[in-house]
Amino acid sequence: MWSKLLSFACGGALLASYIGPQSPSFSGFKSVEAFEVRPGILMMPRYADDGKVCEIGLQKRLYFPEKVSVDGHLSRDEIEQAFEELVPVSERGPELPGFHAHPMSEVGNTVTTATEYQNVTLEIVGKVLPSKRHEVIEEPVVAIIRWKNRRCQ
Amino acid sequence: MTSPAATLREQPSSIPHRISGKERDTESGNDYFLARYYSSAMGRFLSPDWSAKQDPVPYARLDNPQTLNLYAYLRNNPLAGVDADGHCPPGQDCSKVQVKVTVEQKPKFTKNVPLKDKDGNVVKGPNGKPVEKDTGIHGKLAGTVTVNGTPAAGVKLTESNAVTTVIDGTNTNPHVREGEGTSPNGQYNDDIGYGFATSGKADNANIIDQLSTEKLTITDTQTLTMAFPSGGTCSATSTRILTNVGSDGNASSHYTLTTTQPVVTPNQ
C-alpha cells in the first residue's frame, strides 16, 4: 500500500517536473506592450479610448536572448523607414508647409526636432554631444509619433 | 516587498567567490565580509554593524534614515558601491555638496545653426529635405558640483528635465527628458533654446519676427542626480526660465534666462 502511494507520489513529482519551470509572479509590475517592428527596433504603442493608436514610441532593442547591444542610437534612416511603414502618407497626411512645421528645442543635454504632418507629429529626441563650433551635434535615441486628434488613455 | 539587497542573491554553485567578491561559506551559504556574515538568502547581514569606536548607531547619518538599519547592505542600495569590509561606508555627506549654476551665455538669436550627426554630416529631415538648420533663441547655463568647496571629480550626473513650453498662453506638449554623463571635474553645461528648422533668409526673418511677437516661456525644472565615486547619491533641483515676456506682460525680442540655485538633498 505504502509503496504504491510512494510510487504514485514519485510519478506525480516526475510529471510536475515535465510541466516546465515555474514562472515567478510578475503581477505586481506594470506591463509594457512592445513590438519588434524591424530587427532591433522596438515600437511601443499607446491607445485612445476607442482602441486606436494615439502615440508610438520607437527605440533600439538592447537585450536579445542571443546578444546584448549597448548602443541605444537610433539613426534617422532607421526612424524614417519605420515611420514610412507604420504611418504611411495615407495615414499621416501631407507634411505641413513653412517653418512652423519644424520646431526644434534644446533643454539640458537633449535636443528635440519635430515634423508636423496633417494628422501626426513626428518627434525625434536625441542626446546633444559636445561640440566646439557653431553647430549642434545630436544622437537620436527615441522617436515619438503622436496622432493629433486622438487623446491617449 | 523584496529588499533591494536581495538583488545580490544568486543560484547555488561551487564557485566560492560571489558578485560581491567575498567568499561564500559552502555549508551555510553565507558570504564572509570580514566584519560580518551576509545572508544572500535573506538579503541582509546576520549581525548588526559595529564600530571599534563606541557609537550607539555606528556609521549613522541623520540625513539618511537608511543608515539607521544596521543589517542592510550598503544602505539598501547595492548599486551605490561596494561593501569592502562588512562595515557600511558612510557615503557622500550631501550637506557638504554644493551645486552652483550660472548663466554662461545670455539668450541670443542664432541663425542657420547646423544640426549634425556624430559623424559630422548635416542632418536632413524625414523626406531628405529640408536640411535641418536651426534658427531661434538660445542660452547656455554652466554648473559646478563641489564637495567642501573642491570640484567633485568623477561624479556621475543624471539630468531629469521637466519642461513646459508656453506659447501665447498655450502649453505645448509638456515632457520630461533624461540624460546622463560623467563629469571629470564636477562641471556640466546645459543649453536651453527654441527655434525652427529654416530653409533660408525669408524663413529666418519670419522666425525671428515670430519669436519676438509671440509670448514664449520655457520652464525647465531640472533634477540633477549626483552619484559619487565614494558611494552615495545626492540630488539638486533648480528651475530655469527662458522668456520674452516682460514685466508689462508683453512679448518682445528681449529674452531673459534666469535660474534658481540648486537645492541639494540626499537621495533616500
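Which of the residues belonging to segment B:213-237 are buried (at least 20 other Cβ atoms within 10 Å of the Cβ) and in contact with a strand residue (DSSP E or B) (Cβ under 6 Å, 6 or more places away or on another chain)?
Passing the criteria: B:216, B:218, B:220, B:222, B:224, B:226, B:227, B:228, B:233, B:234, B:235, B:236.
If you take the residues in segment B:75-95 that are of a type in the set (A, V, I, L, M, F, W, C) and at pLDDT below 70, which one is surrounded by the fewest Cβ atoms within 10 Å (Cβ to Cβ)?
Selected residue: B:79.
Say we look at segment B:229-253 and pick out the residues that are over 27 Å from residue B:175 (Cβ atoms) and touching a helix residue (DSSP H, G or I) at 6+ places or on another chain (Cβ under 9 Å); which of these is modelled with the highest pLDDT?
Ranking the qualifying residues of segment B:229-253, first place goes to B:232.
Would you mind finding the one in B:186, B:179, B:232 that is within 12 Å of chain A (Cβ to nearest Cβ) and closer than 22 Å to residue B:146 by Cβ?
Going through B:186, B:179, B:232 in turn, the sole match is B:179.
Just one of B:71, B:59, B:38 is at pLDDT 80 or above, part of a loop (DSSP other than H, G, I, E, B) and surrounded by 12 or more Cβ atoms within 10 Å (Cβ to Cβ); which is it?
Details: B:59 fails: at pLDDT 80 or above; B:38 fails: part of a loop (DSSP other than H, G, I, E, B).
Within the list B:71, B:59, B:38, the selection yields B:71.
From (1) among the polar types (S, T, N, Q); (2) part of a strand (DSSP E or B); (3) exposed (fewer than 14 other Cβ atoms within 10 Å of the Cβ), pick out the condition that doesn't hold for residue B:247.
All conditions pass for residue B:247, except number (2).
Please verify whether segment A:75-89 includes one or more residues that are more than 20 Å from the chain's Cα centre (by Cα) and among the aliphatic types (A, V, I, L, M).
yes
Spot the failing condition for residue A:73; the list is (1) at pLDDT 95 or above; (2) more than 13 Å from residue A:146 (Cβ to Cβ), and only one is missed.
(1)
Return yes or no: is residue B:210 in the same structural domain as residue B:132 (by TED's automatic domain parsing) and without any contact (Cβ under 8 Å) to a residue 60 or more places away in the chain?
Criteria met by residue B:210.
Any residue at all in segment A:106-116 that's among the charged types (D, E, K, R), at the interface with another protein chain (Cβ under 9 Å from one of its Cβ atoms) and in contact with a Phe, Trp or Tyr (Cβ under 9 Å, 6 or more places away or on another chain)?
For segment A:106-116, residues among the charged types (D, E, K, R), at the interface with another protein chain (Cβ under 9 Å from one of its Cβ atoms) and in contact with a Phe, Trp or Tyr (Cβ under 9 Å, 6 or more places away or on another chain): present.
Would you check which residues across segment A:51-79 are touching a residue at least 60 places away in the same chain (Cβ under 8 Å) and either within 14 Å of chain B (Cβ to nearest Cβ) or assigned to a loop (DSSP other than H, G, I, E, B) (or both) and list them?
Scanning segment A:51-79 gives A:52, A:54, A:55, A:57, A:58, A:59, A:72, A:73, A:74, A:75, A:76, A:79.
Tally time: how many residues in segment B:136-170 are surrounded by fewer than 21 Cβ atoms within 10 Å (Cβ to Cβ), of a type in the set (A, V, I, L, M, F, W, C) and not in a strand (DSSP E or B)?
The qualifying residues number 1.
Please verify whether segment B:156-175 includes one or more residues that are away from chain A (no Cβ under 12 Å) and hydrophobic (A, V, I, L, M, F, W, C). It would help to see each step written out before you state the result.
Filtering segment B:156-175 for residues away from chain A (no Cβ under 12 Å) gives B:156, B:166, B:168-171.
Still in the running and hydrophobic (A, V, I, L, M, F, W, C): B:166.
Yes, the conditions are met somewhere in segment B:156-175.
The values are calculated or read from the model by the stated rules, or taken from the named source; none is laboratory data. Since the model is a prediction, treat every value here as computed from it, not as a measurement. Reconstructed Cβ throughout: ideal geometry from the backbone, glycine too, with neighbour counts over all protein chains shown.
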